[in-house]
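Read through the structure below, which is laid out as structure tokens, and then see the notes.
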Amino acid sequence: MNPESLSPPLRATLLGLARATIDHGIRERGLPQVNIEDYPQALRDVRSTFVTLEIDDELRGCIGSLEAREPLVADVVHHAYAAAFDDPRFPPVRLDELPRLHISISVLHPAEALHVHTQDELLHMLRPDIDGLILDYPNHRATFLPTVWKALPDPLRFVRNLKRKAGLTESFWSPELKLSRYTTESFGEP
């Protein structure tokens, strides 16, 4: 069962906090101080998030966690900072990029294990545009958020690219492969 959706004002609060975190990180070189008690209970619940940054519709950073470990407000602050300054695929966000930076947040709902024996079974269970997918195999782990379906709308391509992201071959399959799906509540700046 998925938790209740966040209201538009709560979503705006989280997006504003993510932007303020990145601005603070650029100007002050560190995380801002955030008092969790200053926020409504819905933003203090322990939840996991991914924060995605784009400039001109191109990925500029994306960091998150699959496991809920801290209050939603703190999770967004940590992941906004990490997406802007610690994503190893990109240099740190610069001040001159800030006006063009588009921020989106995905709040994850708990994952559900998929018990499949073949890739074909997996492909038939996947719900394009709805499911995020976690692939876990010893020393290999990767996920695609549901938003990745926009770029990879074909389930076979989606799965093959996730395997590559995890450092496996596109044709890889093993009985030890663990797969889970999850949904998200995703929202971004206008």
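Readers should treat all values here as calculations from the given coordinates under stated rules, not as data from a laboratory. No experiment lies behind these values; they were computed from the predicted model shown. Glycine also receives a Cβ, built like all others from the backbone with ideal geometry; neighbour counts cover every protein chain displayed.
Which lysines have a Cα lying under 22 Å from the Cα of residue 178, excluding residues fewer than 8 positions away in the same chain?
Excluding near neighbours in sequence, the set is 163, 165.
Enter the Cα centre distance for the pair segment 51-69 and segment 90-146, rounded to the nearest angstrom.
Cα centres, segment 51-69 to segment 90-146: 10 Å.
Per-residue ellipticity at 222 nm for the chain, helices alone: DSSP H runs ≥ 4 residues times -39500 (n - 2.57), over residue total, nearest 500 deg cm²/dmol? Walk me through the numbers before you get to the answer.
Working: 5 runs with 57 residues, N = 190.
Using -39500 (n - 2.57) per qualifying helix, the result is -9000 deg cm²/dmol.
Length gain on complete extension for the stretch residue 56 to residue 94, per 0.36 nm per residue less the alpha carbon to alpha carbon distance?
On the way: separation 38, 0.36 × 38 = 13.68 nm, distance 1.50 nm.
Taking residue 56 through residue 94 to full extension adds about 12.2 nm, to one decimal.
Below 8 Å between Cα atoms, with a sequence gap of 6+, how large is the relative contact order for the chain in percent? Don't skip to the answer; put the middle values down first.
Values: 313 pairs, mean separation 40.5, N = 190.
Once divided by the residue count of the chain, the mean separation gives 21 percent.
Does anyone have the angle between helix 72-85 and the longest principal axis of the chain? Alpha-carbon axes, 0 to 90°, nearest 10?
90 degrees
Determine the gain in length on full extension of the stretch residue 130-residue 164; use 0.36 nm per residue of separation and subtract their C-alpha separation, reporting nm with one decimal. The partial results should precede the final answer.
On the way: separation 34, 0.36 × 34 = 12.24 nm, distance 2.11 nm.
Residue separation times 0.36 nm, minus the Cα-Cα distance, leaves 10.1 nm.
Taking Cα atoms, how many degrees apart are the long axis of helix 155-165 and the longest axis of the chain, rounded to 10 and kept between 0 and 90?
Roughly 70 degrees, rounded to the nearest 10.
I need the per residue convex hull volume for segment 1-100, using only the alpha carbons, in cubic angstrom as a whole number. The partial results should precede the final answer.
Numbers: hull volume 11.5 nm³, N = 100.
Hull volume normalised by residue count: 115 Å³.
Could you run the Karplus curve 6.51 cos²θ - 1.76 cosθ + 1.60 with θ = phi - 60° over segment 127-138 and give me ³J(HN,Hα) per residue in whole Hz, x for Gly and Pro?
So the Karplus estimates, Gly and Pro as x, are 10, x, 6, 10, 8, x, 10, 10, 10, 10, 8, x Hz.
Would you be so kind as to identify which of 115, 184, 9 lies farthest towards the positive end of the dipole of the chain, taking Lys and Arg as +1 and Asp and Glu as -1 on Cβ and the Cα centre as origin?
So the residue furthest toward the plus end is 115.
Note down the net charge around residue 168, summing +1 for each Lys or Arg and -1 for each Asp or Glu among other residues with Cβ under 14 Å from its Cβ.
Working: positive: 141, 160, 163, 164, 165, 178; negative: 136, 170, 176.
Result for the neighbourhood of residue 168: +3.
If Lys and Arg each add +1 and Asp and Glu each add -1, what is the summed charge of the other residues whose beta carbon sits under 14 Å from the beta carbon of residue 34? Write down the numbers at each step before the final one.
On the way: positive: 19, 44; negative: 23, 28, 37, 38, 70, 75.
For residues surrounding residue 34, the net value is -4.
Which distance in nm do the two modelled labels at residue 113 and residue 189 give, with both placed 7 Å along the Cα-to-Cβ direction?
Output for this residue pair reads 4.1 nm.
Can you give the local net charge around residue 48? Use residues other than it whose beta-carbon is closer than 15 angstrom to its beta-carbon, Lys and Arg +1, Asp and Glu -1.
Values: positive: 44, 47, 69, 141, 181; negative: 45, 67, 70, 75, 112, 185.
The answer is -1.
By average Cβ neighbour count within 10 Å, what is the ranking of 42-55, 160-173, 75-88 from highest down?
On the way: 42-55: 20.1, 160-173: 15.1, 75-88: 21.8.
The most tightly packed comes first, giving 75-88, 42-55, 160-173.
Could I have the simple spin-label model distance between residue 7 and residue 173, label points 7 Å from Cα toward Cβ, reported in nm to one decimal?
For the pair residue 7/residue 173, the computed spacing is 4.9 nm.
Give the label of the value calculated from the structure for Rg and Dmax of the Cα atoms in Å, choosing from [x] 15.1, 42; [y] 15.1, 44; [z] 17.2, 51.
Derived directly from the coordinates: [z].
In 10 Å bins starting at zero, report the fraction of Cα pairs in segment 112-183 per bin as a rounded %.
21, 63, 16
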